[in-house]
Each structure stands twice: as C-alpha cells, then as structure tokens.
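To start, the structure itself, in structure tokens.
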Amino acid sequence: MNRMLYPKLAASNIKKNAKTYVPYIITCILTVAMYYIMESLSGNEGLNNILGADTVSYTLELGSRIVAIFAFIFLFYTNSFLTKNRKKEFGLFNILGMEKKHISKVIGFESIYVVLISLSAGFLVGILLDKLMYLVITKLIKAEITLGFYISKEAILHTLILFGILFLIIFLNSLRMIHLAKPIELLKGGSMGEKEPKSKWLIAILGLGCLGGGYYISLTVENPIAALSLFFVAVILVVVGTYLIFTASSISFLKLLKKNKRYYYKTNHFISVSGMIYRMKQNAVGLANICILSTMVLVMVSSTASLIIGTEDLITERYPYEIAIESYDNDAQVNDKLVNTAKQTAQKENIKIEKEIQYSSLEFTTVFNGKDTFSVDVDYSLDMSNDLRILFFITAEDYSDFIGKDINLKDDEVIIYSNRNDYNKDKDYFKVFGKLYKIVDRTDKFVGNGMISANITPTHGIVVKDISIIKELYEKQKEVLGDYASNIEFYYGFDTGSSVEKQTDLYTKIKNEINSQGKELGSYDIECRESRRDGIYGLYGSLFFLGIFLGLLFIMATVLIIYYKQISEGYEDKKRFEIMQKVGMSEQEVKGSIRSQVLTVFFLPLITAGIHVAIAFPIISKILLMLNLTNTKLYVICTIASFLVFTLIYGIIYLLTAKVYYRIVKK
C-alpha cells in the first residue's frame, strides 16, 4: 500500500469533516494559547517589582493549573465525541478492506496534523496575546508597565509537555474505541436504534438528595470559616446531583408529561416530548456539562467583579485611617511615647494631623450558645464554627471620645455593637465568665481599627465602664487560655489630608523614628493605607483577571459542546422530520415542533445554572467576607448583571448554532 495514502487520507478526512474538526482544532489552539499565557504571566519578571507580587504570581499559577485540568477533561471529552460520530466512516473503511491497524495509522496522521496545527498556531496566538494580557493585568493591579517583548522559554516547555501528554492520551483513547468496536458496530455508528429509556427513580432520588445536601449547606452555613471548609463539599454534591438529575430525573419528568394526555396529545408537545425522551438518555451528560460550566462562569465572574469594583470601599473599611499604630504592651507610658513620636515626626514634616482616634481594647474568641452565654475554651472543633464569636471590649471613656458624647455606665452595664450576626434581640443581657452584663443600648456605630471588618468571625463590639473591667476580663481569659490569651492592645490612628507621596513618606519616617528607639517602645505594628493599596489591588486584580480569563475559557467550552450537540441532533432528527412531513405534517408544524424541542432542552441548563447560582449566593457571600467584601448589595448587583450578560451571550450562541441545526434538518 502506498505510504502516502495514509497522510493524504488523513488530510482528506479532516477537510471532509470540517464542520466538526475545525471547531475542535480552534478550541485546541485557544486552549494551548491560554495555558501558555497563564504560565508566561506567572513567571513574568515584570510583575516581580510590585507589592503583592507573590500573591499575583501564585494566583496566575493556580489559573494555569485550572486550565491544565480543564484541557485534559474537555479536550478528551470532545475528541471522544468526534471519534464516536465518525464510527460509521471508519466502519465503511473497514468493509472496503482496510484493517483496524490501517485505520489506526489514518487516525495517527490526523492526530499529528491536529497537534502540529494546535501547537504552532497556539504558541503564535499565545505569544501575540501575552503582552496584551500583561498590559491588562498590570492595569487591573495598578502596577507600572515595563517595556519590552517577553517570550517565556519555560512556559513553552511546560506547554509542550502538557499538551504532548494530552494529545498522546487522546490518540490512544481513539485507538481503544476503534479496536474494541466490532465492524458492524462501526458501520452503524451513532445511527443504531435505541429502546425507550426506563425511568431511573432511584438515581433521580439520589440526585435530588445530593442536590438538596449541597443546597442545605449553602443556605444554613453562617460562619465564613465553616463556609470555606464546606464549600467544596457543597460543590461536589451539586455537581454530582446535577449529573444524576439530568440523566434520571429529566427522563422521569418527560414520562410524566407523556402520561398527561391533555398535554401530550398536541402536535408540538407530542413530537417534542417523544423526541426528548430518547434524546435525554444520550445527551444528558452534555446538558449537565453545559449547566456546570455556565454555573462556574457566573460564580467566578460575579464574585471577582464584586471584589475589583468594591476594592476602594474595602480598602477604606479595612484601613479607616491613613496611618495607624498598634501597641501590644499594656503600658500607658509606652503608648504615650508612641503617640508623641508620631505627632513630633508629623510636625517636623509640616504635616497637620487630623481625625485622631486612640483607645485600648481587648478581644478574644468565644463560643455563643445561641441564647445568652459566651464561653471560652482552648480547643475549638469544626462543628463549633457557626457558633464562634469574637468579643471586642473598649471603655466608655474611649467610646465617648469616638462619638463626641459622654457615656456613663455602671460596672455591669454595656453597650453592644454587632458587625454581622446580631446578638439575640430578645435578650437585654449576656453572660461571659459567669458574670451577667446588662445591655443598656445597641449601636450601629463603633470604633474602626479595620480589624473588626477583617475578622472572618462575626464580632460583637462591647463598651464597658472602664479599664478595670477590661483588665478583669483579661485575667479571666488568661486563666483559661494561658499562653494563647489575647493582650490588652492600644490603637492610635489619624489622617493627614495630604498627598499619597507625603502619606507614605511620613509613614516611613515614623516607622524609622520608632525603630531607632529600640525596645523602649515595646512590641508594636504600624500600617499605612496607601502602602497596602498596591498589595490589595494585586490580589483582587489578579483574581478578577483569573475570573474573566477562565470565564472566557469555559464559555468557549460551552459553545463547542452546544455546537456539537446541535450538529449530532440535526443529523439524528433529519430522517425523523422527513418522515413526519411525508405522513402529512406541514412545514410550519415541523418548525414549531423543532423550536419547542430545541428551546426546551437548550435553555434547561441555563435555568438550572441560575438556580444553582441563586442557592450558592449565601455561602459565596460569606466566603467573600474573608476577603473583606462586606457590600452584599454590590455582590447582588454583580450576580444579576453577570446572569443577564451571560443569558444574552447564551442566546446568541443559540441563534448561531440553531442555524446549523435547521440547515442540516432541511437538507
């Protein structure tokens, strides 16, 4: 046999199957390009000079791992679909005298063509877009842009290794599918008739159980720590439940519609329901994939968009004062020296201090019993996470200075503030260390050192009579916690109203001045809002970039799955609709039936994804609290906007792919 036959036949096959091969090759090219870009950006030396470079690099590296996992799963799945739909073609080759080893050679040359085109075009696209993506991410994280064109040899090597292994596995799987199939199975391919699928009530119930379990976790979790630890459990349950629901419950639901004679025995409903019953068995996994991918896109884009849009509010809440000093030594003289050092340094620089605040505080973690008692323990288990509360105590004198109004309290009287979970409104008292404290007022205004907003555990700010009460509480918690006990801390914060450069310069000089005094000023920490801004933008900007980047990747996957689904269903339905027209159905009735059937199945994943996102809202909003996003309204707006935009994109995908379907059916 002519040695050039196989490469020529392989090239002819790709050309002949352009409708299915070209979208697959384009997907391979874009996936290679995306992986290269992620690997290149994570190692780009231009990002090393920014604050928070480690966070940005780690986030991008995480993104490259996600792209790698996605590439393995999705390209493997897509190629299996292509091979399955070409079984009839391979069966014909087999009948005409080609042995399976010859077919394997043809597949081998096809794979070589795909690999060469995907890698060469993928690297070209990746290298060209790499600089653009670098400019985008530096803009998002507000970093300086370095000039020059950068090509990462390490990223090229990693990409070659990953996709070399991936394409080899895909090739071996194609050979497996061909060699295990009998000649008659190859010839019949995907056109073999199927029996009406049976209702799988047990699987349907199991699917509902998994889905219900995931939903229950999302709706009931209260503490952000618990939300983070249980999030992946909920995700796994929802993913498994989605696949089971689409494969079992959908068939059961359609059979219930079939039993409803008033609904079923109408032209459009009769044809669409009967067609979908058979279709659901083989396409349920594809629909579930579309649903899961759509949910991932919506969750990633909405959450990361909320973070980047709300960054300024987040920075202001976390750092309410331009410069702040925290002292961890309970010594009034040391604290006075710290304050005086800051004031004298500002005076030397001709910078006026304004909006001052200073106070002493004590905070420690407790377990709330849900009624009226806070208890303190050394060990906390995961099942207590929803009941954890931080108590943050300050004196009435410091609180009076903060609100500009004199507050007088008795020894057992307090004012309480809650930043997330309100304290039991039916109780006008609470207990801690066995002592009863009477709540004389509830306030929504409390001192802001930024730590309360940063605490992932709900916090209650409590105003007590004087420092003696705080010292008493300190001694009692030290008896229980020992070396793990919290100290009474001193906080001094202020604004200057000056430029960013002057703020950071003053911050540096105050820090140097305090350091020059050695251990005399004890243990302390000093922070500046502007010096931390770049690090926060680095984290949230890179997360937003990752969310949009992966969102585009998953949208691309969704488009390809839908495209292949429409093509395969078009060829399957072609003969069926031809027969229906021959037995008397008008072209208008056929179009109505097609529209009813396609729309019902097509938008089912989108509706389910919308439900998933709505149910996931509580748990994701609590996870975002760990990133200091407390603006729930912003997250609601971003979620709704993301869903509307994605629905528009989804509708455009439908219109484009539906044309392909109609074109096939009408031939």
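No other residue among Lys355, Lys371 is out of contact with any strand residue (DSSP E or B) (no Cβ under 7 Å at 6 or more places or on another chain), in the same structural domain as Asp426 (by TED's automatic domain parsing), surrounded by fewer than 20 Cβ atoms within 10 Å (Cβ to Cβ) and modelled with pLDDT under 90 apart from Lys371. For the range 278-285, check the following and say yes or no: at least one residue is at pLDDT below 90 and under 21 Å from the mean Cα position of the chain (by Cα). The answer is no, given that none of the residues of the range 278-285 is at pLDDT below 90 and under 21 Å from the mean Cα position of the chain (by Cα).
Among the residues making up the range 331-343, a single one is without any contact (Cβ under 8 Å) to a residue 60 or more places away in the chain and under 19 Å from Ser499 (Cα atoms): Lys343.
Let's see how each residue does on (1) within 30 Å of Ile29 (Cβ to Cβ); (2) of a type in the set (Val, Ile, Thr); (3) surrounded by fewer than 17 Cβ atoms within 10 Å (Cβ to Cβ); (4) at pLDDT 85 or above:
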residue	(1), (2), (3), (4)
Ile145	yes, yes, yes, no
Gly148	yes, no, yes, no
Ala155	yes, no, no, yes
Ile165	yes, yes, yes, yes
Phe171	yes, no, no, yes
Glu185	no, no, yes, no
Glu196	no, no, yes, no
Leu202	no, no, yes, no
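With a requirement of 2 or more residues that are within 22 Å of Lys519 (Cα to Cα), the strands (runs of 3 or more DSSP E) lying completely within the range 308-404 that satisfy it span 323-327, 354-368.
Evaluate the following for Tyr563: is it within 30 Å of Phe646 (Cβ to Cβ), among the aromatic types (Phe, Trp, Tyr) and modelled with pLDDT under 80? Taking the combined requirement at face value, the residue satisfies it.
It is to be established whether one or more residues within the range 552-568 are surrounded by fewer than 22 Cβ atoms within 10 Å (Cβ to Cβ) and farther than 18 Å from Leu287 by Cα. Yes, that holds for at least one residue. Checking the stated criteria, Tyr474 turns out to be farther than 30 Å from Ile308 by Cα and assigned to a helix (DSSP H, G or I).
Suppose the filter is hydrophobic (A, V, I, L, M, F, W, C) and surrounded by fewer than 20 Cβ atoms within 10 Å (Cβ to Cβ); does Ile394 pass it?
Criteria not met by Ile394.
Please verify whether Leu75 is modelled with pLDDT of 80 or more, crowded, with 21+ Cβ neighbours inside 10 Å and within 26 Å of Ser42 (Cβ to Cβ), treating the condition exactly as stated. It is true that Leu75 is modelled with pLDDT of 80 or more, crowded, with 21+ Cβ neighbours inside 10 Å and within 26 Å of Ser42 (Cβ to Cβ). Only residues that are over 38 Å from the mean Cα position of the chain (by Cα) and either outside any loop (DSSP other than H, G, I, E, B) or free of Cβ contacts under 8 Å to residues at least 12 places away in the same chain (or both): list them for the range 512-536, please. Within the range 512-536, Asn512, Glu513, Ile514, Asn515, Ser516, Gly518, Lys519, Glu520, Leu521 meet the criteria. Residues being surrounded by 21 or more Cβ atoms within 10 Å (Cβ to Cβ), at pLDDT 80 or above and out of contact with any Leu (no Cβ under 6 Å at 6 or more places or on another chain) are represented in the range 496-509 by at least one member.
Which residues, counting only those in the range 319-339, are under 21 Å from Leu362 (Cβ atoms) and of a type in the set (Lys, Arg)?
none
Restricting attention to the range 1-17, does a residue exist that is within 30 Å of Val136 (Cβ to Cβ), touching a Phe, Trp or Tyr at 6+ places or on another chain (Cβ under 7 Å) and either at pLDDT 70 or above or not acidic (Asp, Glu) (or both)? No, the conditions are met nowhere in the range 1-17. When the range 412-427 is filtered for residues that are assigned to a loop (DSSP other than H, G, I, E, B) and surrounded by 14 or more Cβ atoms within 10 Å (Cβ to Cβ), the ones remaining, listed by number, are Asp412, Asn419, Arg420, Asn421, Tyr423, Asn424.
The values are calculated or read from the model by the stated rules, or taken from the named source; none is laboratory data. Remember, predicted model here, so these are calculated numbers, not experimental data. Don't worry about glycine lacking a Cβ; one is built from the backbone with ideal geometry, like all the others, and counts go over all protein chains shown.
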